[in-house]
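As structure tokens, the structure follows; a few thoughts come after it.
The values are calculated or read from the model by the stated rules, or taken from the named source; none is laboratory data. Everything quoted here is computed from the prediction, not taken from an experiment. Cβ placement follows ideal geometry from the backbone for every residue including glycine, while neighbour counts extend to all protein chains displayed. Note: accessible area is taken over every heavy atom of the protein model, side chains too, but ligands, DNA and RNA are not part of it. Shrake-Rupley method; radii C 1.70, N 1.55, O 1.52, S 1.80 Å.
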Amino acid sequence: MIETVDAIAQVGQGSLTARAVEPAAGEGASGGIGDTRESACLNCGTRLTGSHCHSCGQAAHVHRTIGAFYHDLLHGVFHFEGKIWRTLPLLAWRPGQLTREYIDGRRASYVSPIALFLFVVFLTFALFNWIGGPVHFDNNKNLVLAKGGATAEALAERRIADLKRELAAAERSGEPVAGLDSQIAGAEAALAGIRAGNKQKLPDEIAKADSPGDRNLAELVNVGWRKATENPELALYKLQSSAYKYSWLLIPISVPFVWLLFPFRRRFHLYDHTVFVTYSLSFMLLLLAAGTIIAVWTTADFLVFGLTLYVPFHLYRQLCGTYGIGRFGAIWRTSALMIFAGIALTLFTAAIFALSTT
């Protein structure tokens, strides 16, 4: 019960934080109890000529009732002035159109990238706090993975069985088998790693170095790791807390990689790439939240697989719509962006680990 209340509180906090950076539009209506009906703006004193002050933007008529207060609260948490319901469909299916329109200045109908990102970050981490993570520890500090670890082991075993059947068929027909042998060896090594990770004593060291120059860095990493393994639950909490607080680092980490896709296109600026990255990260976090719900509360693993396949398609559509490039240009840039995303995520994870263990 406490976790549920805490999760709801985090969503509310995230919504209100996003609301604080999102320009208001359409607030206020005349008439009713508590309506002040002023002739001059109560905020800046400018003479009123419409429903809103043309100088500071405040609503002409300010309601002073408890009902109006809670209406504003619910509006801030759930509606974003109604913009959220116009933004999410475009973000999901026409992300390029949404990104391009925001860059070109057509913004009044949509939630801004940073406001949406803040809300989605709060929503995602509130969800993780509520349902719990896939990792926990037993009394002997053994690492225990939940459903994901068992599923990964079963899939790895199935893959090895399929490869061995292909190998047997190739041997009977006299076809080359060197490639299949290497695939089987790799799959068996992966399976061994999964089985070791599903339940094992945490190692004392995770970094090794041969050269003297790297030994200091390796020792620094190992010192942080040993501190973390002294209290794994606290270490996981710190990791999650750091990832939550520093999630915005994903934006500056990712923008240079997008710039590398258009190094000689002067009409595209860092601002364009920043809007692209922020909207894209917001959608990927929403996709992660949806996949987590499906994986935890259902047995429809094929839906999780479908969401995973949608990631490159979404990037492809956003690249096409945002930058107006052709099919071939969007395909190779999508492939490169998938690699860059892995690098950016690795850098972010390393930064979070350093911030959590030092």
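What the table below lists for this structure:
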{"quantity": "Per-region count, the stretch 165-179, residues open to solvent by less than 80 Å² (accessible area, probe 1.4 Å) and modelled with pLDDT of 80 or more", "calculated": "6"}
{"quantity": "Given (1) at pLDDT 95 or above; (2) touching a His at 6+ places or on another chain (Cβ under 9 Å), number of the condition L281 does not satisfy", "calculated": "(2)"}
{"quantity": "Residue match in the stretch 344-358 (condition: farther than 29 Å from Y271 by Cβ, free of Cβ contacts under 8 Å to residues at least 60 places away in the same chain and open to solvent by 60 Å² or more (accessible area, probe 1.4 Å))", "calculated": "no"}
{"quantity": "The stretch 103-122 residues that are within 17 Å of A289 (Cβ to Cβ) and in a helix (DSSP H, G or I), paired with ones that are β-branched (V, I, T) and open to solvent by less than 30 Å² (accessible area, probe 1.4 Å) (beta carbon under 6 Å, 6 or more apart)", "calculated": "F117/T278"}
{"quantity": "Of all residues making up the stretch 251-296, the number that are among the aromatic types (F, W, Y), open to solvent by less than 20 Å² (accessible area, probe 1.4 Å) and part of a helix (DSSP H, G or I)", "calculated": "3"}
{"quantity": "Residue ID - modelled with the lowest pLDDT, chosen from residues in the stretch 240-250 that are surrounded by fewer than 18 Cβ atoms within 10 Å (Cβ to Cβ) and of a type outside the set (S, T, Y)", "calculated": "Q240"}
{"quantity": "From the options G291, G321, residue that is in contact with a Leu (Cβ under 9 Å, 6 or more places away or on another chain) and farther than 27 Å from A243 by Cα", "calculated": "G321"}
{"quantity": "Options L315, L337; residue that is in contact with a Ser or Thr (Cβ under 7 Å, 6 or more places away or on another chain), within 20 Å of P256 (Cβ to Cβ) and in a helix (DSSP H, G or I)", "calculated": "L315"}
{"quantity": "Breaking point among (1) part of a helix (DSSP H, G or I); (2) open to solvent by 80 Å² or more (accessible area, probe 1.4 Å); (3) over 18 Å from P263 (Cβ atoms), for T299", "calculated": "(1)"}
{"quantity": "The one condition in (1) polar (S, T, N, Q); (2) at pLDDT 75 or above; (3) surrounded by fewer than 11 Cβ atoms within 10 Å (Cβ to Cβ) that S211 fails to fulfil", "calculated": "(2)"}
{"quantity": "Number of the exception - T334 against (1) β-branched (V, I, T); (2) buried (at least 20 other Cβ atoms within 10 Å of the Cβ); (3) under 30 Å from Y237 (Cβ atoms)", "calculated": "(3)"}
{"quantity": "The stretch 101-123, residues that are buried (at least 20 other Cβ atoms within 10 Å of the Cβ) and of a type in the set (S, T, N, Q)", "calculated": "S112"}
{"quantity": "So P95, is it within 19 Å of the chain's Cα centre (by Cα) and modelled with pLDDT of 90 or more", "calculated": "yes"}
